[in-house]
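Step one of this worksheet: look at the structure below.
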Amino acid sequence: MVWDQVQLRSSSGNHPLVSGHPNRPIPKLMVCSILFVSLTYLLYTLKLLTTSAQQTFHHTPFTSYLRRSTSFTSAPLVLNQTAVTAPLHHGRRDVREKQKVVMQMGQAPPKPKPTEIHDVVFGIAASSKLWQQRKEYIKIWYKPNQLRGVVWLDDRVKYSAQDNRTLPPFRVSSDTSKFPYTNRKGHRSAIRISRIVTETLKMNMDNVRWFVMGDDDTVFITENLVRILRKYDHTQYYYIGSLSESHIQNIFFSYGMAYGGGGFAISYPLAKALAKMQDRCIQRYPGLYGSDDRMQACMAELGVPLTKELGFHQYDVYGNLFGLLAAHPVTPLVSLHHLDVVEPIFPNVSRVQALQRLMLPTNLDSAGIMQQSICYDKTKSWTISVSWGFAVQVFRGIFSPREIEMPSRTFLNWYKRADYTAYAFNTLPVSRNPCQKPFVFYMSSVRMDSELNKTVSEYERHHVPHPFCRWKMANPDELETVIVHKKPDPHLWDRSPRRNCCRVMESKERRRMVIDVGVCKDGEVSEI
């Protein structure tokens, strides 16, 4: 700056801006003075810091030294001192002080471990009158050695020795007669069920991250439940679930409500906040119908919205779930509800046997269960839809993926007078053209091929009458079996959502079709 000032001139260019003769040695003296003062200050500072560090090492704990010398000590010096003094004084610090030191050192705190199934506690709402029938559903998915949960009943029931080995422990819900209930169409057991999360919290279980609510006629795919919960921070307030399939149900109750039959998850901090105010909240809503709308009312008072995950299935429908399951959305299958209302998901077996069969492919590749793939056999002009682990459909003709990914109307609305427009999603009408009726193959067996490192699932033809078709093309009626090869993909949902691709392979047997399912290759699409 000094030398630049010496060279500056006025706007006329004739007079220097700095007074004095241009050849005077004043600028050199100023530079020398600045250098001398700087050097002296540097030497003094180094001596002061060296003395302080020696005193700290021998006499003063790190934390007290840090409080006294913050204004003198630079960041790199603090790091060096911490590395030396921390081992000598670790016995004097608790965990919080260590975390504070880590933050002062500029290091990020360690990331929490991902959520596992033992971090989840299930609260299952059950009825003593239906217990002997519905406990069989719980046995299908509950693993006593891996899961934690409690069955909450309105009265005591008889537990056999086998029940003790295969079911969660049960508790009788506390008395709720003090709460008002004025809804004429409902039942006051809704109050009892709405308090299950709070009552489970009061059991003071260790290391709980999530509470998951469900009914006794709900089946969970627990591995996929954990995949969903891992996406969210369990230390924050989260209320996770899904809606009803019935548009009218959502209008009557709420589009912002998690339907309890399909299950929902509440993070531990939110459960604690709920427990502090829920009894007062219930008093304010005596006219509500069920437990799940009471829960949502309290969430609204806490200011916590519903985080929607489509894999939780309420299934407010009647009839056959085939259309919904064969065109499952591109999301993990988490739960199935209302199993007593709908038909068995596999034909010619009981409801429990059908669900037990579904668990076979789930145990091999839970991430891929029910996931749809769409491909074409263009030499025969066939469209093929694979719902892995459940069913394969073969259609005459070429249909766009946009059509095939919509659920076909094999089910009826919860409100029997409502038509197909009363669903909260698009549906595909059953075609009146006899040639467009699909040939359906249901999964009969599945195994793991260790040599190929792939699952091999077999789908057998479901024989029902097919109307005569006049189309001049290959007839799928000749097929009896479909074999599907698929490599297990536990990290399927760690990537962005996308349907898997399927490819029709060569088969030596005329009555058998072989299909390969897997991650889409670069540039691979389901083109017509």
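The values are calculated or read from the model by the stated rules, or taken from the named source; none is laboratory data. No experiment lies behind these values; they were computed from the predicted model shown. FYI the Cβ positions are ideal-geometry reconstructions off the backbone, even for glycines, and counts take in every protein chain you see. For the accessible areas, the whole protein counts, side chains as well, though only heavy atoms, and no ligand, DNA or RNA atoms are used. Shrake-Rupley method; radii C 1.70, N 1.55, O 1.52, S 1.80 Å.
Inspect all residues belonging to segment 168-179 and state whether any of them is assigned to a loop (DSSP other than H, G, I, E, B) and under 24 Å from Gln314 (Cα atoms). For segment 168-179, residues assigned to a loop (DSSP other than H, G, I, E, B) and under 24 Å from Gln314 (Cα atoms): present.
Among the residues of segment 385-394, are any in a loop (DSSP other than H, G, I, E, B) and either in contact with a Leu (Cβ under 9 Å, 6 or more places away or on another chain) or open to solvent by 30 Å² or more (accessible area, probe 1.4 Å) (or both)?
yes
Would you be able to say whether some residue in segment 342-349 is among the aromatic types (Phe, Trp, Tyr) and assigned to a strand (DSSP E or B)? No - not one qualifying residue is present in segment 342-349. Residues that are part of a helix (DSSP H, G or I) and more than 33 Å from the chain's Cα centre (by Cα) do occur in segment 435-448. Being of a type outside the set (Ser, Thr, Tyr) and open to solvent by 10 Å² or more (accessible area, probe 1.4 Å) is the filter here; which residues of segment 353-371 pass it? Within segment 353-371, Gln353, Gln356, Arg357, Met359, Leu360, Asn363, Leu364, Gln371 qualify. Would a scan of segment 227-250 turn up a residue that is over 22 Å from Asp119 (Cα atoms) and either free of Cβ contacts under 8 Å to residues at least 60 places away in the same chain or of a type in the set (Lys, Arg) (or both)? Taking every residue of segment 227-250 in turn, none turns out to be over 22 Å from Asp119 (Cα atoms) and either free of Cβ contacts under 8 Å to residues at least 60 places away in the same chain or of a type in the set (Lys, Arg) (or both). Among the residues making up segment 449-473, those that are in a loop (DSSP other than H, G, I, E, B) and not hydrophobic (A, V, I, L, M, F, W, C) are Ser450, Glu451, Asn453, His462, His463, Pro465, His466, Pro467, Arg470, Lys472. Remark: Arg432 falls outside the filter, which requires a residue to be open to solvent by 10 Å² or more (accessible area, probe 1.4 Å), closer than 28 Å to His338 by Cα and more than 32 Å from the chain's Cα centre (by Cα). Residues that are touching a Leu at 6+ places or on another chain (Cβ under 6 Å), closer than 21 Å to Ser496 by Cα and open to solvent by less than 20 Å² (accessible area, probe 1.4 Å) within segment 300-338 comprise Gly311, Thr331, Val334, listed in sequence order.
Only one residue in Tyr137, Tyr142 is of a type in the set (Ser, Thr, Tyr), under 30 Å from Leu360 (Cβ atoms) and out of contact with any Asp or Glu (no Cβ under 9 Å at 6 or more places or on another chain). Which one?
Only one candidate passes the filter, namely Tyr142.
Gly287 satisfies every condition listed in (1) within 23 Å of His187 (Cβ to Cβ); (2) in contact with a helix residue (DSSP H, G or I) (Cβ under 8 Å, 6 or more places away or on another chain); (3) in a loop (DSSP other than H, G, I, E, B); (4) in contact (Cβ under 8 Å) with a residue 24 or more places away in the chain except (2). Look at segment 462-477: where a residue is assigned by the TED database to the domain that holds Ile384 and a partner is of a type in the set (S, T, N, Q), sitting 6+ places away or on another chain with Cβ atoms under 9 Å, you get His462/Asn348; Cys469/Asn433; Cys469/Gln436; Cys469/Asn475; Trp471/Ser381; Met473/Ser381; Ala474/Thr379; Ala474/Ser381.
Going by the conditions given, is Arg402 touching a residue at least 12 places away in the same chain (Cβ under 8 Å) and either over 29 Å from Pro488 (Cα atoms) or not assigned by the TED database to the domain that holds Thr222 (or both)? Here the answer is no, as Arg402 does not meet what is asked.
In segment 183-234, the residue that is most open to solvent (accessible area, probe 1.4 Å) out of those that are outside any helix (DSSP H, G or I), touching a Gly at 6+ places or on another chain (Cβ under 7 Å) and under 17 Å from Ile266 (Cβ atoms) is Asp215. Looking only at segment 299-347, how many residues end up being aromatic (Phe, Trp, Tyr) and at pLDDT below 95? Number of matching residues: 1. Taken over segment 259-278, the criterion of being touching a Lys or Arg at 6+ places or on another chain (Cβ under 8 Å) and not hydroxyl-bearing (Ser, Thr, Tyr) is satisfied by Ala275, Gln278.
Among the conditions (1) over 25 Å from Thr115 (Cα atoms); (2) open to solvent by 10 Å² or more (accessible area, probe 1.4 Å); (3) among the hydrophobic types (A, V, I, L, M, F, W, C), the only one that Phe179 does not satisfy is (2).
Taken residue by residue, segment 467-481 has at least one member that is open to solvent by 30 Å² or more (accessible area, probe 1.4 Å) and modelled with pLDDT of 95 or more.
Return the residues of segment 502-528 that are out of contact with any strand residue (DSSP E or B) (no Cβ under 6 Å at 6 or more places or on another chain) and in a strand (DSSP E or B); say none if nothing qualifies. Listed by number, the list holds a single entry, Gly518. Scanning segment 138-151 for residues that are of a type outside the set (A, V, I, L, M) and open to solvent by 10 Å² or more (accessible area, probe 1.4 Å) yields Lys139, Tyr142, Lys143, Pro144, Asn145, Gln146, Arg148. With respect to the conditions (1) surrounded by 24 or more Cβ atoms within 10 Å (Cβ to Cβ); (2) over 20 Å from the mean Cα position of the chain (by Cα); (3) without any contact (Cβ under 8 Å) to a residue 60 or more places away in the chain, Arg294 falls short on a single one, namely (3).
Looking at Phe395, Phe411, Phe439, just one residue is over 19 Å from Arg510 (Cβ atoms) and at pLDDT 95 or above, and that residue is Phe395.
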